[in-house]
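Visitor: Can you keep this structure in mind? I'll have questions shortly.
The values are calculated or read from the model by the stated rules, or taken from the named source; none is laboratory data. Model, not experiment: these values are computed from the prediction. Glycine also receives a Cβ, built like all others from the backbone with ideal geometry; neighbour counts cover every protein chain displayed. Just the protein is used for accessible areas: all its heavy atoms, side chains included, with ligands, DNA and RNA removed. Shrake-Rupley method; radii C 1.70, N 1.55, O 1.52, S 1.80 Å.
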Amino acid sequence: MSAPQHEVAVIGAGPAGLCVAAELRRLGIDVAIYERRPSAEPGSRAIGVHPPALAALEASGATERMLAEAARIPRGIARTREGRVLGEVRFDSGRRRFPFVAAVPQATTEAALAFGAPTPIRDAEVRRLAPHGTGAILRVRVGGAETEVRARAVVMAAGAEARSLLLPVARLRGREYGDRYLMTDLRHAPGQPEDLAIITLDAAGVVESFPLGYGGRRLVAWDGPLDGPGPGGHRGSGSRAALDPDLDAAARAERLRVAVAERSGERELADRIETASGFGIRRALLPRMRSGALFVIGDAAHEVSPIGGQGMNLGLLDAVTLAPALASWLRRGAGDTEAERALERWERRRLASARTAARLAGLNTSLGRARSPRSHRMLAAGIGAVAGGPVTRIAARAYTMGFDRHAA
Ligand SMILES: Cc1cc2nc3c(=O)[nH]c(=O)nc-3n(C[C@H](O)[C@H](O)[C@H](O)COP(=O)(O)OP(=O)(O)OC[C@H]3O[C@@H](n4cnc5c(N)ncnc54)[C@H](O)[C@@H]3O)c2cc1C
């Protein structure tokens, strides 16, 4: 039997993979998605979808499908434990097509993207990837048997964990931040504002609270350095193993309850917490997103701290902007100067956007760490002093990905 042959093979059915496959298909390209998981990931990571991604996905109808389920957040405040507002950023100033950040569970976003994409071939793990003539060849393990797939182009959108597929070709620039966080999504959060993101900056570490579309709320709290004791010196909370989703879930929920109650004063909200997950954060940037007929997008190409919430959005913008350039390259043939230039431009702009997002996420991460009462007071005073001026407008633009090179 001859190997299946596609114009484009996409590796990974996360948001970036689904998005690029749907966009390519809309452009009439034959595309298949290979996904190692037997079913879609139920857990939620990304919730914030920013205006540039909403604008980019409008033509496919994905934006409308997401917004049907999303909370619309037109503003955010930074406040202290005592409830003093240090500053407000507005995402609805000026004339913008989408004057808000949409908050929607990642599974809903993926379902909205999957609408136009081919059904992923599941339980199909790509184990090897090699150039073949002007295209590429994949070794895929499908349901226990290994098979070969040929494609004129491959889009690798398999997330951070699958970068080893690219090695040793790709040199990685990366580091682990050494912070860990606790997170929960509450189904109900009565009495909480449905249009306001609240960031409580506290000497013991940040607590973030975001509306979710169904009247729920996402809570995130800084939980100490990896391998160090948690805030308040909680024993046993500081090891990397604390990030294991099956380990000590009750203790994690309790630490999050304490953090939310003590740092933000929201005791009622804290009492609603029944479960919590933990996560650590890394920064990793590939120096290139293309090698011949291989394109790397999403977390596989750039992993940024989720504090600031831009990782998925970067991947969506990679995908939407790659699709037309790749479709034209496939139609005109490898070596066509104009098509090559468009792909070079795409790569340059996406690499620059990823570097900007990584810097902003790094800044956000450092603002949210625990600090001495004295440096906390200085930070709060500094934010209070610049609030309302041009810095606030720059912050609003930065938080909503207005500095992305493909922001409309
Ligand atoms: C707690 C948390 C909160 C976050 N919040 C936000 C937010 O609010 N906004 C935001 O923009 N971002 C956020 N992010 C980041 C966001 O979740 C990621 O950037 C996004 O999921 C990356 O999408 P992706 O498609 O590139 O990769 P992934 O979502 O990792 O998908 C990759 C897919 O590839 C599959 N795969 C892997 N290896 C193979 C293989 N060898 N063969 C076949 N398939 C394979 C995987 O099973 C997976 O389905 C958050 C992250 C975390 C951890």
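Visitor: Using a Gaussian network for the chain with springs between C-alpha atoms less than 10 Å apart, which of these wobbles most: LEU27, LEU322, LEU138?
Guide: Result for the chain, Cα springs under 10 Å: LEU27 fluctuates most.
Visitor: If we count every other residue with Cβ under 14 angstrom of ARG139's Cβ, Lys/Arg +1 and Asp/Glu -1, where does the sum land?
Guide: On the way: positive: ARG36, ARG127, ARG128, ARG141, ARG150; negative: GLU125, GLU146, GLU148.
Net charge around ARG139: +2.
Visitor: Right, something else. Calculate what fraction, in whole %, of the accessible area of the chain sits on carbon and sulfur atoms when a 1.4 Å probe is rolled over the protein chains.
Guide: 51 percent
Visitor: Counting only protein chains, not ligands or nucleic acids, how are VAL142, VAL89, VAL20 ordered by accessible area (probe 1.4 Å), most first?
Guide: VAL142, VAL89, VAL20
Visitor: Could you state how much accessible area MET378 has, in square angstrom rounded to the nearest 10, with a 1.4 Å probe and all protein chains kept in place?
Guide: Using a 1.4 Å probe on the heavy atoms, I get roughly 120 Å².
Visitor: How many nm separate the modelled label positions at ALA68 and ALA408, each set 7 Å beyond the Cα in the direction of the Cβ?
Guide: 2.0 nm
Visitor: Right, something else. Rounded to a whole number of µm²/s, how large is the Stokes-Einstein D of the chain at 10 °C and 1.306 mPa s, given Rh as the Kirkwood radius over C-alpha pairs?
Guide: In µm²/s, the coefficient is 72.
Visitor: Per-residue HN-Hα couplings for the range 213-223, Karplus 6.51 cos²θ - 1.76 cosθ + 1.60 at θ = phi - 60°, whole Hz, x for Gly and Pro?
Guide: Per-residue couplings from phi come out as x, 9, x, x, 8, 9, 10, 9, 9, 4, 10 Hz.
Visitor: What nm value, rounded to one decimal, do you get for the distance between ARG37 and ARG341 when each label is placed 7 Å out toward the C-beta?
Guide: Rounded to a tenth, the inter-label distance reads 4.1 nm.
Visitor: Using a 1.4 Å probe, how large is the accessible area of VAL296, given in Å² and rounded to the nearest 10?
Guide: 10 Å²
Visitor: Enumerate the amide H contacts of ILE33 below 5 Å, restricted to partners 5 or more residues apart or on another chain; note that Pro and chain-start residues carry no placed amide H.
Guide: VAL10, ILE121
Visitor: Quick check: the angle from helix 337-367's long axis to the longest principal axis of the chain, C-alpha only, nearest 10 degrees?
Guide: Tilt of helix 337-367: around 20 degrees.
Visitor: Angle between the Cα long axis of helix 15-26 and the longest principal axis of the chain, 0 to 90 degrees, nearest 10?
Guide: 40 degrees
Visitor: For every helix of n ≥ 4 consecutive DSSP H residues, a contribution of -39,500 (n - 2.57) applies; sum these over the chain, divide by its total residues, and give [θ] at 222 nm rounded to the nearest 500 deg cm²/dmol. Spell out each step's value before the answer.
Guide: On the way: 10 runs with 126 residues, N = 408.
The per-residue figure over the chain is -9500 deg cm²/dmol.
Visitor: Taking amide H atoms as placed 1.01 Å from N in the peptide plane, list the residues 5 or more away in sequence, or in a different chain, whose amide H sits under 5 Å from that of ALA276.
Guide: The answer is ALA253.
Visitor: At 7 Å along the Cα-to-beta-carbon direction for both ALA249 and THR134, put a label point, then send me their distance in nm to one decimal.
Guide: 5.2 nm
Visitor: In degrees from 0 to 90, rounded to the nearest 10, what is the angle of the helix 390-399 Cα long axis to the longest principal axis of the chain?
Guide: 50 degrees
Visitor: Count charges around ASP318 for me, please; just the other residues with Cβ under 14 Å from its Cβ, Lys/Arg as +1, Asp/Glu as -1. Show your work: numbers first, answer last.
Guide: Values: positive: ARG288, ARG290, ARG345, ARG348, ARG349, ARG350, ARG355, ARG405; negative: GLU23, ASP299, GLU303, GLU347, ASP404.
So the environment of ASP318 carries a net charge of +3.
Visitor: Please turn the phi angles of the range 251-261 into ³J(HN,Hα) values with the Karplus equation 6.51 cos²θ - 1.76 cosθ + 1.60 (θ = phi - 60°), one per residue in order, whole Hz, x for glycine and proline.
Guide: 5, 5, 4, 5, 4, 5, 4, 5, 4, 5, 5
Visitor: Sticking with this structure for a sec: What size of dipole, in debye to the nearest 20, comes out for the chain about its Cα centre when the only charges are +1 on Lys and Arg C-beta atoms and -1 on Asp and Glu C-beta atoms?
Guide: Details: 58 positive and 44 negative charges, 256 e Å.
It comes to approximately 1220 debye.
Visitor: A further question on this structure: Scanning the chain for trypsin sites (Lys or Arg not before Pro) in DSSP loops with at most 13 other Cβ atoms within 10 Å, what's the longest stretch left with none?
Guide: 236-408
Visitor: Same structure, new question: Per residue of the range 380-388, what does 6.51 cos²θ - 1.76 cosθ + 1.60 with θ = phi - 60° give for ³J(HN,Hα)? Whole Hz please, x for Gly and Pro, Karplus curve as stated.
Guide: 4, 5, x, 5, x, 5, 9, 4, x
Visitor: Rolling a 1.4 Å sphere over the protein heavy atoms, what is the accessible area per residue of the chain, to the nearest Å²?
Guide: 45 Å²
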